[in-house]
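The values are calculated or read from the model by the stated rules, or taken from the named source; none is laboratory data. Given the structure is predicted, the values throughout are model-derived calculations rather than measurements. Cβ atoms come from the backbone with ideal geometry, glycine included; neighbour counts cover every protein chain shown.
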Amino acid sequence: MALGRLKATYTTGARRLASRSIAGLTRTRVTPNALTAAGVVLCAVGSVLVYFEYRHELVFFWAGAALFVLGSILDILDGALARAGGKATPFGAFVDSTTDRISEAFMLGAIALVLTRDGSELGVGLTVAAIAGSFLVSYARARAEALGLRGDVGIGSRAERVVVITAGLVLAPWGVLPWAIGVLAATAWFTVLQRILHVRRELRSAA
């Protein structure tokens, strides 16, 4: 219940922020595709900065986290802008969803390289599990929606994953990163299980 209330609180806040931002963007020449491309580029640059954390942990981890958050916000705004401007298309939604996975994979890949350099085999293993879990969360949603069912159930959607990854990066200089990735992996796989059980329950009810 507590997790559900927390998720509802920041989801509502994010939607309000997006609504205010979109109101201004619709009056400009900025396109949804431009936001999508900018979001991916920012996340990619952020992951490169994270890789170079050995030069100065605080600076590179925090700069990488900031770009990752900004890129993730743009990944949210592109779909909202497309809907507000009447430019939403099935292909656009497909590209938006695909680029979200790319952005996340960039950052988790950089984190895996950092943990490899630190000699943390457990951390690397957890990162691999987190990557697989986060991809399966999205796949489970897509398959559920292909069956005509709601697929966005569970505690570990993209918004939550962005929060956990960002928190891990910000606190990485103090050794928190492997723990954050462990939380990310656990919540991702738990969400996959939640969605499987949800689809099973809904299909049984329909039958």
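Structure above, values below:
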| quantity | calculated |
| --- | --- |
| Matching residues, the range 154-187, being out of contact with any Phe, Trp or Tyr (no Cβ under 6 Å at 6 or more places or on another chain), of a type in the set (Gly, Ala, Ser) and within 18 Å of CYS43 (Cβ to Cβ) | SER157, ALA159, ALA167, GLY168, ALA180 |
| Search result, residues across the range 92-140 that are among the hydroxyl-bearing types (Ser, Thr, Tyr), closer than 17 Å to TRP189 by Cβ and surrounded by fewer than 16 Cβ atoms within 10 Å (Cβ to Cβ) | TYR139 |
| Among residues of the range 170-207, those that are free of Cβ contacts under 8 Å to residues at least 60 places away in the same chain, closer than 13 Å to PHE61 by Cβ and among the small types (Gly, Ala, Ser), counted | 2 |
| Among residues of the range 141-163, those that are surrounded by fewer than 19 Cβ atoms within 10 Å (Cβ to Cβ) and within 16 Å of ALA66 (Cβ to Cβ), counted | 1 |
| Which numbered condition THR36 fails, given (1) at pLDDT below 95; (2) surrounded by fewer than 16 Cβ atoms within 10 Å (Cβ to Cβ) | (2) |
| Only listed residue being touching a helix residue (DSSP H, G or I) at 6+ places or on another chain (Cβ under 6 Å) and part of a loop (DSSP other than H, G, I, E, B), chosen from ILE155, ILE181 | ILE155 |
| Index of the failed condition, LEU171 passing every other in (1) at pLDDT 95 or above; (2) touching a helix residue (DSSP H, G or I) at 6+ places or on another chain (Cβ under 9 Å); (3) more than 17 Å from ALA110 (Cβ to Cβ); (4) surrounded by fewer than 17 Cβ atoms within 10 Å (Cβ to Cβ) | (3) |
